[in-house]
Amino acid sequence: MECHVTAQAGQFALDIALSTAAEPNWLGIIGQSGAGKSTFLQALAGFNAAANVSGRWHSRDLSKLDNAVLVSAQTPLFPALSVAGNLELVARHNQQLDNVKTIVALCECTALMSRQTNELSGGELQRVKLARALLANPALLLLDESFSAMDRALRFGILHKLKAYLGPHVKVIMVSHDINDIIVSCDHLSIIESGHCVACGPLSEMLNPARGQQANASLPLISVLHGEIEERNMGISRISVGETSVKVVDESAIPVGQSVRLLLPASEVTLATENSTALHTNCLQATVQSVVPYSATQSAVKIVCEGQELTALLDNYDSRINTLQDGQLVWAYFSGQQTLA
Amino acid sequence: MEFSAIWLTLKLAGLSTLLLMLVAIPVSWWLSRWNSRFKAVVQACVALPLVLPPTVLGFYLLLAFAPDSLIGELWLSITGERLAFTFEALVFGSVIYSFPFAVQPLYAGFAQLHPHYLHTAKMLNLPWHVRLQRVVLPAVRPSLLIAAGLSFAHTVGEFGVVLMIGGNIPGETRVVSIALFDQVESLNYGSAHQLAAVLLVFSLFLLIGLYWLQGRRRLKWNVM
C-alpha cells in the first residue's frame, strides 16, 4: 500500500506518506489531538477540494476513489429526515435497499428507526451514521472516532460484526484515541505527529518491536493473543489458546465458537520461573525469547506461548532479570479482567 | 369598496413573489458561496432598493421602459405593446423593488447551512436534485417562507414606484395604495378609511405570521 496526502488547512500543513510492504485490510491511525488525523481522512473522503491524494491500495487508485465514505463528527445526519428517512434515502440511491435490515441490525439501530435525528444520544447518533455510511456501499470506509460515545461492550460487539460483514473487500482506515479499538480490529497501525506519518507497519510489530528496535513511546505495550471461545458461563468465557485455555470476564456478544483477540497489557503479566501456586486465574507455560530494555527502569521480556508472542514488563533493579536465559521455561500469570474482542 | 384594486394588488404581489423566488433562490445561493473582493459591490446593488427613495427607482424604470429605450423597444418588438403604464411594467418594477427582501433572508439561510451537510450528501452519492430537495431546501425552509412573505407584503405596500411607472389605470395599474391616494385627493375619506384599514390589518397579520414562524424554530440544526 502506498498513500500520499497533502493538504493545507489554514496555518496547518499536512503531508502524510504511508507505505506498507503488505496490503492492510484495516489500518489504524493514532496521534495526538491536532496531529492531522481528521484532515487526512477528510481529504481521502473528498471533503477538501484543495487536498492532493495519490497512491494505491490493493488494485485501487486512491486518487480516483469515488466511494470513500467517512463517518465522523463532520458527517451530520440530515435533520429534515428521520433516522429511517436518512437510511432509506442513502440506500435507495446506492441500490442497497435489500441490505437495510441487515445493516440496521448490525449497527444496533433497530429501535432507533422512528426517531428524529435531534432526539438521539451521542452513541445512537454514531451508530446511525455508521449504518448510513455502510448503505452508501463504500469501497473505503473511513472511521474517525466513530465509536467514542459507545460503551466498550457495545463498541467491541459492533466492531466484531462490522469486520465480519465487510470481509476483505472493503478497506478500512480507523482513527481512534483508544488504542484498544485499534488493537481489536486493525492489522496495521500508523502514528501521525504534526501532519506527518512517523511510523507505519503491521500492528504486532508496532506493538512489540523486534530486538534492537526502540518501542514507540506513544504506544502501550500490549500483547494480542488469538484464541477461540469454547464456552461462556455467567459472563465468563473460556478461550482456547492452542492446547491450553484461559478464562476471561466477557461482556461481548461474540458467539461461542468464534475466534477472538485477547488484549493483554504487558504490565498485567506476572512471570514466574517455577510453576508456583500463585492465586491467579490464568497461567500459561512459555519460553523466554528475549529481554529488551523498555525504559530507564523497566525491561520487556518477550515470551512465546503456544506459538504466540507475549510481553511482560520487569523492573530493572530486580537482579533476577539477568538470570533469564533465552529458551528458558517460564510461567505467565494474569487475571481474568482482560479485554476481549 | 374597490374590489378590483384589491384583486389587482393581490395578483401583482402573487406574481412578483413567484418570480422573485425563482430568481432570488439561485442568486442568494451563489452569493452565499461566492468569495471575491467585488462581493460588496454586488451586495450593495442588491440592497440598493432598501435605501433609495422609491421615486428614484421609479424614475429610472420609467426611462428604461419608455418605447425609445432598449428594454422598452425590445418589449415592443416581442409583444407588440408598449411597456410603461402596464401591469407587466408593475411586475418588473416590483421584482426589482422587492429583490433585497427576498435575497437577504435566503442569503442568511444559505450562509448558515454548514458545508459539512453538502459534503456528506455528495459523499453518500446523492444526486444534485436529491441534495437540493432533501438537504438544502428543508434547511432553509423558514428562510424561504420569510423571503416569500416579506416580498409579498412589501409589494402590497408599494406606492412610489407604481405611481411613477404605472399611473392610475383601473384594472391595469390602479393598486390599493394608488386607489387610497386617489380617494384622499378626492376627499372621499370613507372609502380611504376602508382601503387603509384593509392594508393595515393585512400587513399586520402577515408580519405576525412571519415573526411567529421565525420564533418557532421548525428545524434544529446540529453540526454533530
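The values are calculated or read from the model by the stated rules, or taken from the named source; none is laboratory data. Note that the structure is a prediction, hence the values are computed from the model and not measured. Here the Cβ is made from the backbone with ideal geometry for all residues, glycine too, and neighbour counts use every protein chain on show. Note: accessible area is taken over every heavy atom of the protein model, side chains too, but ligands, DNA and RNA are not part of it. Shrake-Rupley method; radii C 1.70, N 1.55, O 1.52, S 1.80 Å.
For the reader, a short list of remarks on this structure follows.
- For segment B:124-224, the solvent-accessible area of protein heavy atoms averages 54 Å² per residue (probe radius 1.4 Å; ligands and nucleic acids excluded).
- Simple point charges give the picture: +1 on the Cβ of Lys and Arg, -1 on the Cβ of Asp and Glu, and for segment B:93-224 a dipole about the Cα centre of about 1040 debye.
- Crossing angle, helix B:87-112 versus chain B [Cα axis fit, 0-90 degrees, rounded to tens]: 20 degrees
- For segment A:2-207: rounded, prolate or oblate by the Cα gyration tensor [a/c cutoff 1.5]: prolate
- Karplus (6.51, -1.76, 1.60) ³J(HN,Hα), θ = phi - 60°, over segment A:14-28, in Hz, Gly and Pro reported as x: 10, 8, 10, 10, 10, 8, 10, 5, 8, 8, x, 9, 10, 10, x
- Computed with a 1.4 angstrom probe on protein heavy atoms, the A-B interface buries about 2000 square angstrom of accessible area in total.
- Phi-based couplings in Hz for segment A:175-180 (Karplus 6.51, -1.76, 1.60; Gly and Pro marked x): 9, 8, 7, 9, 4, 4
- Computed over chain B, the range of Cα coordinates on each principal axis works out to 64, 41, 29 Å, biggest value leading.
- The portion of the accessible surface of the protein assembly as shown made up by carbon and sulfur, rounded to a whole percent, is 57 (1.4 Å probe; DNA, RNA and ligands excluded).
- Modelled FRET efficiency - R0 41 Å, A:Ser121 with B:Val201, Cβ distances, 0.05 increments: 0.30
- Chain A, accessible area per residue, ligands and nucleic acids excluded (1.4 Å, Å²): 44 Å²
- Summed residue charge, Cβ within 15 Å of B:Phe65's Cβ, Lys/Arg positive, Asp/Glu negative: -4
- Considering only B:Val175, B:Ser203, A:Pro168, and ranking their Cα positions along the charge dipole of the protein assembly as shown that arises from unit charges at the beta-carbon of Lys, Arg, Asp and Glu, the one farthest toward the positive end is B:Val175.
- Ordering of B:94-100, B:183-189, A:307-313 by packing [mean C-beta count within 10 Å, highest first]: B:94-100, A:307-313, B:183-189
- Partner shielding of A:76-89 amounts to 4, given as the average count of beta-carbon atoms from other chains within 10 Å of each residue beta-carbon.
- The magnitude of the dipole of segment A:2-207, with charges of +1 and -1 set on the Cβ of Lys/Arg and Asp/Glu and taken from the Cα centre, is near 460 debye.
- Between A:Ile236 and A:Asp250, the built amide H atoms are under 5 Å apart, and every one of these is 5 or more places off in sequence or on another chain.
- 0 to 90° range, to nearest 10: angle between helix A:122-135 axis and chain A longest Cα axis: 70 degrees
- Across peptide A:39-48, the mean count of Cβ atoms from other chains lying within 10 Å of each residue's own Cβ comes to 2.
- Most tightly packed first, judged by the mean number of other beta-carbon atoms within 10 Å of their residues, the peptides A:79-86, B:34-41 read A:79-86, B:34-41.
- Compared with the dominant Cα axis of chain B, that is its longest principal axis, helix B:141-156 is turned about 10°.
- Net +/- balance of residues flanking B:Ser177 in space, Cβ distance below 12 Å, scoring K and R +1, D and E -1: -2
- Sorting A:Thr273, A:Thr287, B:Thr120 by solvent-accessible area of protein heavy atoms yields A:Thr273, A:Thr287, B:Thr120, largest first, with a 1.4 Å probe.
- Lysine-lysine proximity count for the protein assembly as shown, Cα under 21 Å, sequence distance 8 or more or distinct chains: 16
- Among B:21-28, B:162-169, the order from most to least packed when residues are scored by Cβ within 10 Å on average: B:162-169, B:21-28
- In this structure, the amide hydrogen of A:Leu221, modeled 1.01 Å from its nitrogen in the peptide plane, lies closer than 5 angstrom to those of A:Ala266, counting only residues at least 5 positions away or on a different chain.
- Taking all protein chains together and rolling a 1.4 Å probe, A:Glu306 ends up with roughly 80 Å² accessible.
- Distant-in-sequence amide contacts of A:Ala199, defined by a placed amide H-H separation under 5 Å and a gap of 5 or more residues or a different chain, comprise A:Ile191.
- Selection from A:His280, A:Leu324, A:Ser245, by position along the positive dipole direction of segment A:184-331 (Cβ): A:Leu324
- Number of partner chain Cβ atoms within 10 Å, mean per residue of B:124-131: 5
- Over the Cα atoms of segment A:234-329, the radius of gyration divided by the Kirkwood radius equals 1.00; this is the Rg/Rh ratio.
- Net charge of the neighbourhood of A:Thr273, taken over other residues with C-beta under 13 Å away and scored Lys/Arg +1, Asp/Glu -1, is -1.
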